[in-house]
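Single-structure report; data block below.
Just so it is clear, none of the values below were taken in a lab; they were calculated from the coordinates. Small disclaimer: the values here were computed from a predicted structure and weren't measured. Glycine also receives a Cβ, built like all others from the backbone with ideal geometry; neighbour counts cover every protein chain displayed.
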Amino acid sequence: MCLSFPAKVVDIQDLIVFVDYGNNTIEPVINNMVDDLNPGDYVVISYGMIIQKISKEEYDEMIKYETEMAKVLANNE
């Protein structure tokens, strides 16, 4: 199984891209697949690498889904 997380691009330094996962903690990831990436873009991260560029709407939907899943998991404990 592959886990993927949405993030917002904050800064780009060659193949290293700094992203915010929505918690204002900036982390580095690797970009070796996505062209035309700019600060402010939204991406999907898997295992420390950018796998896809997404729209703001897709990002919002993924965040909503993650929030709903966290609530379900918290209720099952």
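Looking at the chain, what % of the alpha carbon pairs are farther apart than 21 Å? For the chain, the share of Cα pairs beyond 21 Å comes to 27 percent. In plain terms, the residue of TYR65, TYR21 with the fewest other Cβ atoms within 10 Å comes first and the most crowded comes last, giving TYR65, TYR21. Helix 56-75 and the long axis of the chain differ in direction by around 30°, with both axes built from C-alpha atoms. Basic side chains Lys and Arg get +1 at the Cβ, acidic Asp and Glu get -1 at the Cβ, and with that the dipole of the chain about its Cα centre reaches some 140 debye.
For a straight C-alpha distance cut-off of 16 angstrom, the aspartates and glutamates reachable from LYS8 (same-chain residues fewer than eight places away being disregarded) are ASP20, GLU27, ASP35, ASP36, ASP41, GLU57, GLU58, ASP60, GLU61, GLU66.
A protection proxy built from the mean count of other Cβ atoms within 10 Å ranks the segments 11-20, 43-52, most packed first, as 43-52, 11-20.
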